[in-house]
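Since the structure comes first, as structure tokens, the remarks are kept for the end.
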Amino acid sequence: MLAETVTRSARSLRLFAPAFALATALCAAAPLRAQEVDVDPDQLVLKYSASAGPRAISGVAHTLEWSVATLAGGSAKVLLRVPLDAFQTGQPALDAAFQKALEAESYPVLEVEGIAKAGALPVRFAGVIRLHGEQRPFTALLAIARAGEKVAVRTTLTIDLDTFGVERPTIGGAQLDRTITVDASLVLRINPQAVVSGGFVNPLALEQN
């Protein structure tokens with residue numbers, strides 16, 4: 001269940017996946033177990049990197065729908081959803097090629113669901129990725145650093161497009177490589193309240209009003 005909407009930003013912001021790290025603030029240290037977590041919209045960056053032959057490709061997003069719930073033992077269940085049209089490379093034709101390859105009209109969201117295990121750092125996060133109508137398992141490590149009421153989280157995932165049945169497009173005369181790397185960086189604000197947190201982070205909403 002999602003708890004709130006966040007629409008604050010001073011930048012023009014708008015991929016793919018994943019920053020699958022929201023649970024770390026709830027499971028990395030005992031004092032954080034029963035607290036609410038908010039994502040700082042100015043400190044959310046999702047970046048994907050890919051290549052097509054010698055050409056390097058990257059895109060970013062700053063839009064994320066999320067929920068986190070603590071579990072017994074201090075672990076946390078995490079659900080992250082990113083609209084695929086949030087990915088922006090700065091090249092509309094390239095973005096359109098990605099959207100077409102991912103069949104974004106039929107499968108508009110990339111979803112990550114898993115459990116962040118309480119224990120020593122880095123935190124282990126494992127579950128499933130849902131993309132292009134398919135579901136595949138993943139495992140990632142979450143690096144975190146806490147300063148007062150803020151927690152910085154970083155993680156990296158590797159997604160094999162072929163295993164999701166994606167027909168890779170040809171870009172600049174070369175076929176897109178099968179592997180995409182997704183780096184996520186975000187800052188969480190810790191607020192004492194509850195064991196369930198969630199929200200929707202889309203800084204563009206403010207600038208469009």
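For this structure, a couple of remarks:
Residue-wise test of (1) modelled with pLDDT of 50 or more; (2) more than 24 Å from residue 129 (Cα to Cα); (3) under 12 Å from the mean Cα position of the chain (by Cα).
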| site | (1), (2), (3) |
| --- | --- |
| 9 | no, yes, no |
| 16 | no, no, yes |
| 24 | no, no, no |
| 34 | no, yes, no |
| 37 | yes, no, no |
| 52 | yes, no, no |
| 58 | yes, no, no |
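- The condition of being over 20 Å from residue 79 (Cα atoms), of a type outside the set (S, T, N, Q) and modelled with pLDDT of 90 or more holds for only one of 127, 133, 165, that being 165.
- Residues of the stretch 78-134 that are of a type in the set (S, T, N, Q) and within 20 Å of residue 163 (Cβ to Cβ): 99, 106.
- Scanning the stretch 52-92 for residues that are on the phi > 0 side of the Ramachandran plot and either part of a helix (DSSP H, G or I) or among the hydrophobic types (A, V, I, L, M, F, W, C) (or both) gives 73, 74.
- Scanning the stretch 39-50 for residues that are touching a Leu at 6+ places or on another chain (Cβ under 8 Å) and either modelled with pLDDT of 85 or more or outside any helix (DSSP H, G or I) (or both) gives 39, 40, 44, 45, 46, 47, 48, 50.
Each row is one residue, and each column tells you yes or no for (1) among the polar types (S, T, N, Q); (2) touching a helix residue (DSSP H, G or I) at 6+ places or on another chain (Cβ under 9 Å).
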residue	(1), (2)
56	no, no
67	yes, no
81	no, no
85	no, yes
88	yes, yes
108	no, yes
137	no, no
144	no, yes
150	no, yes
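One line per residue, one yes/no per condition, for (1) within 17 Å of residue 84 (Cα to Cα); (2) charged (D, E, K, R):
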site	(1), (2)
134	yes, yes
139	no, no
154	no, yes
163	no, no
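- Considering the conditions (1) within 24 Å of residue 44 (Cα to Cα); (2) modelled with pLDDT of 90 or more; (3) surrounded by 17 or more Cβ atoms within 10 Å (Cβ to Cβ), residue 158 is excluded by exactly one of them, (3).
The values are calculated or read from the model by the stated rules, or taken from the named source; none is laboratory data. Source: prediction; values computed, not measured. Because the Cβ atoms are built from the backbone with ideal geometry, glycine has one as well, and the counts that use them run over all protein chains shown.
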